[in-house]
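S.K.: Below is a structure I'd like to ask you about.
The values are calculated or read from the model by the stated rules, or taken from the named source; none is laboratory data. Because the structure is predicted, anything quoted here is derived from the model rather than measured. Heads up, the Cβs are rebuilt from the backbone with ideal geometry, glycines too, and the neighbour counts pull from every protein chain shown. Only protein heavy atoms, including side chains, enter the accessible area calculation; ligands, DNA and RNA are left aside. Shrake-Rupley method; radii C 1.70, N 1.55, O 1.52, S 1.80 Å.
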Amino acid sequence: MSQRDFNLFVIGAGSGGVRAARVSAAHGAKVAVAEEYRIGGTCVIRGCVPKKLLVYGAHFAEDLEDARRFGWHVEGKRFDWPTLRDNVLAEVTRLSGLYTQTLENNKVKILQERAVVTGPNSVRVGECEYTADVILIATGARPHVPKQPGCEHGITSNEAFHLEQLPKRLLIAGGGYIANEFAGVFNEFGVKVTVVNRSDAILRGYDAQIRDRLLQISMIKGIQFLFNSPIEKIVKESSGALTVHMPGGPAEFDAVMFATGRVPNTQGLGLESAGVEVDENGAVRVDDESRSTCPSIYAVGDVTDRVQLTPVAIREGQAFADTVFGKKPTKVDYSCIPSAVFSHPPLAGVGMTEGEARNRLGAVKVYTADFRPMKNVLAGRNERALYKVIVDAASEKIVGAHMIGPDAPEILQVLAIAVKAGIRKSQLDEVVAVHPTMAEELVLLK
Ligand SMILES: Cc1cc2nc3c(=O)[nH]c(=O)nc-3n(C[C@H](O)[C@H](O)[C@H](O)COP(=O)(O)OP(=O)(O)OC[C@H]3O[C@@H](n4cnc5c(N)ncnc54)[C@H](O)[C@@H]3O)c2cc1C
């Protein structure tokens, strides 16, 4: 038995940290976890979960509009932001409680304070110093706010969940998934949304045809996009409005939200005291077992900036616990990680985009279904779904699948199993359709 206070000290009780702490404790380790904000981390408190609940809330705008064509009379509909906001925040509190309970049930000591590393086997929490055989950095990432003058007047996704009232005019800076998701949500709530982007495209990394489709639909829904428009400065007027200066000229908004990337949380963490190296963005450098340049310190999740997604942080936390305390060396497989954007409509993808496949494989076959879902037809909603399956011409294997349309992330999760398993296109064709569904298009691709 070690003479130190703990076998494992985890810094950060988010997706990766909670999984690592819980599983290590189940493997018999004496574990402590320090959390400076709220148990559950970004995903539960101010990320995936509250975001998805807002997406559900926003979707009622369309559903109530479409309901008329299905014979429903929905007179006097009115949206009340404080009701949704408070219900979402209450659900977040409930979930945070469940995470706390899970840790307690596994006898993990919880310290609700900021922790900093003071050496290869020591951590300081407030006035107390603790020693541990192994330290796990699972401190996640935080929103990046640009340095231009006046940017301090803006908010980030962290604050968006707590808004007192909805702004009438909102500028969202950024082109990634968080920018597009919040643009969709606030637009459905009746906010006049402008998305401003430094570059010339949204959602880099996703299939070009799929993101173009989102851009078209978003513009038709009333979201304005400004490309190649870096924010030069923001001036707060005496009225409270924000004048945003951009290359096309100044424009006034009631709020500005930055969704301009996320930075690993390593600042002031004391990593240098243990010889833990970080890269140029501040991400902890780790090997394929999540071990840092200090042999007794590991790191998982967003703080390592590998793939900033909850299921990846959880896998890394699990693999760490199994490797270090479960005597079962495990490496995370980063191939074929599916991901989604919960925009209006949502999109999702797995594997290579068409562009990547053409560059890497040369000869590829692309199968598409471009259709208007039955529900949209009756609703009089002129929004088309697009499914794409990319096939390696030599092996006939499916190397990528991408889709936009209602429930695309739900459908893609299942298709991702097939892509990961390396099935051929002909095996999709052998499956009999479930009719009438949208997903049946996947087995009818010509
Ligand atoms: C708006 C938004 C939407 C998102 N939507 C999705 C989605 O739909 N799907 C998806 O897969 N991912 C989504 N993500 C990303 C996802 O939330 C992260 O990838 C995930 O939470 C990373 O987990 P983690 O354990 O690395 O870090 P986190 O969950 O961020 O946990 C880190 C914890 O460490 C704490 N901490 C930091 N420093 C210290 C310290 N010194 N001492 C003590 N505690 C500390 C923090 O307070 C935090 O609780 C979203 C993120 C955002 C911001």
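S.K.: Would you mention how many residues in the range 19-61 are without any contact (Cβ under 8 Å) to a residue 24 or more places away in the chain and among the charged types (D, E, K, R)?
M.R.: Number satisfying all stated conditions: 0.
S.K.: Being within 13 Å of the ligand (Cβ to nearest atom) and either under 13 Å from the mean Cα position of the chain (by Cα) or open to solvent by 30 Å² or more (accessible area, probe 1.4 Å) (or both) is the filter here, so list the residues in the range 315-331 that pass it.
M.R.: Answer for the range 315-331, where residues must be within 13 Å of the ligand (Cβ to nearest atom) and either under 13 Å from the mean Cα position of the chain (by Cα) or open to solvent by 30 Å² or more (accessible area, probe 1.4 Å) (or both): Arg315, Gln318.
S.K.: For the range 31-45, name all the residues that are in contact with a Ser or Thr (Cβ under 7 Å, 6 or more places away or on another chain) and near the ligand (Cβ under 6 Å from one of its atoms).
M.R.: Result: Gly41, Cys43.
S.K.: Another one. If we keep just the residues of the range 304-314 that are touching a strand residue (DSSP E or B) at 6+ places or on another chain (Cβ under 8 Å) and either outside the structural domain of Gly47 (by the TED database) or in contact (Cβ under 8 Å) with a residue 40 or more places away in the chain (or both), which is surrounded by the fewest Cβ atoms within 10 Å (Cβ to Cβ)?
M.R.: Gln308
S.K.: Also, quick follow-up: Need at least 1 residues that are buried (at least 20 other Cβ atoms within 10 Å of the Cβ) and within 16 Å of the ligand (Cβ to nearest atom) per element, so show me which strands (runs of 3 or more DSSP E) inside the range 194-303 make the cut, counting only ones lying wholly within it.
M.R.: So the answer is 255-258, 262-264, 297-299.
S.K.: Taking the options Val74, Val134, name whichever one is within 29 Å of the chain's Cα centre (by Cα) and either under 30 Å from Gly28 (Cα atoms) or at pLDDT below 95 (or both).
M.R.: Of the residues listed, the single one that is within 29 Å of the chain's Cα centre (by Cα) and either under 30 Å from Gly28 (Cα atoms) or at pLDDT below 95 (or both) is Val134.
S.K.: Sticking with this structure for a sec: Tell me, which strands (runs of 3 or more DSSP E) lie completely within the range 82-145 with 2 or more residues that are in contact with a Gly (Cβ under 9 Å, 6 or more places away or on another chain)?
M.R.: The strands (runs of 3 or more DSSP E) meeting that bar are 115-119, 122-125, 128-137, 141-143.
S.K.: Additional query: Test of understanding: among Pro338, Pro345, which residue is open to solvent by less than 20 Å² (accessible area, probe 1.4 Å) and either in contact with a helix residue (DSSP H, G or I) (Cβ under 7 Å, 6 or more places away or on another chain) or closer than 30 Å to Val193 by Cα (or both)?
M.R.: Pro345
S.K.: To continue, here is another question. Which count do you get for residues in the range 207-228 that are within 18 Å of Arg169 (Cα to Cα) and of a type outside the set (Phe, Trp, Tyr)?
M.R.: 8
S.K.: Would a scan of the range 350-358 turn up a residue that is open to solvent by 50 Å² or more (accessible area, probe 1.4 Å) and outside any strand (DSSP E or B)?
M.R.: Scanning the range 350-358, I find at least one residue that is open to solvent by 50 Å² or more (accessible area, probe 1.4 Å) and outside any strand (DSSP E or B), so the answer is yes.
S.K.: In addition: Looking only at the range 33-51, decide whether some residue is in contact with a Leu (Cβ under 8 Å, 6 or more places away or on another chain), under 19 Å from Val324 (Cα atoms), modelled with pLDDT of 95 or more and outside any helix (DSSP H, G or I).
M.R.: Yes, the conditions are met somewhere in the range 33-51.
S.K.: It is to be established whether one or more residues within the range 4-18 are in a loop (DSSP other than H, G, I, E, B) and away from the ligand (no atom under 11 Å from the Cβ).
M.R.: yes
S.K.: Further, regarding this structure: Condition first: of a type outside the set (Gly, Ala, Ser) and part of a strand (DSSP E or B). Can you find one or more residues in the range 315-331 that meet it?
M.R.: no
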